[in-house]
Amino acid sequence: MIAPQRTRLEIRRASADDIALIRSLADEAFRDTYREILSEGQLEYMLEWMYSEAALQRQMGAGHVYFIAELDDTPCGYVSVQPLGLQDDGAYLFELQKIYVLPSFKGEGIGSALYGHISSFVKRISGRVSLPMHSVPLRSFSVRNAMNSSKTASVKRMGIWSSYSLSSSL
């Protein structure tokens, strides 16, 4: 028997009504991404810290934007960006916070589609996306997708200067 081919990918902006769905996707995708480097206790702590209902409500209330990918009507991944503000060059800077695909959907171009979608979203508002230099999964993703991440900039957030690797492919 031949498995049916997956064909229709839709990416939609998430709302507060999608918090339970984001939590469910994160529980599987985040665990899969970090299971080899974090203990079960650390995974539980991180999931609660970043993906509890209250944490997601706070993020959305602070302007984080989430998009959910659905392949043939099946939720399979998500991406989020956090607005960092207007920069000296006039561009509005967003930090790519999260981009995760469920393990059973990896290798189907969903991560690249999510990145392309968020890039288009940011471009429409004259912005740029930054990739946190400390994020190993994001660095690996950017290399796999031939993104140029050689530019570095410093951004002040909450009174602290941080360096970010900027994707100039936008």
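The order of HIS117, HIS64 by accessible area, most exposed first and with a 1.4 Å probe, is HIS117, HIS64. Look at the Cα gyration tensor of region 31-130: its axes a ≥ b ≥ c give a/c of at least 1.5 with a/b at or below b/c, and that counts as oblate.
Packing around the peptides 8-19, 96-107, taken as the average count of other Cβ atoms within 10 Å per residue, puts them in this order, highest first: 96-107, 8-19. Expressed as a whole percent, the accessible area of region 7-128 that falls on carbon and sulfur atoms is 49 (1.4 Å probe).
The values are calculated or read from the model by the stated rules, or taken from the named source; none is laboratory data. None of these values were measured; they are calculated from a predicted model. Positions of Cβ are generated from backbone atoms using ideal geometry, with glycine treated the same way; all protein chains shown enter the neighbour counts. Side chains are part of the model used for accessible areas, which takes the heavy atoms of the whole protein and leaves out ligands, DNA and RNA. Shrake-Rupley method; radii C 1.70, N 1.55, O 1.52, S 1.80 Å.
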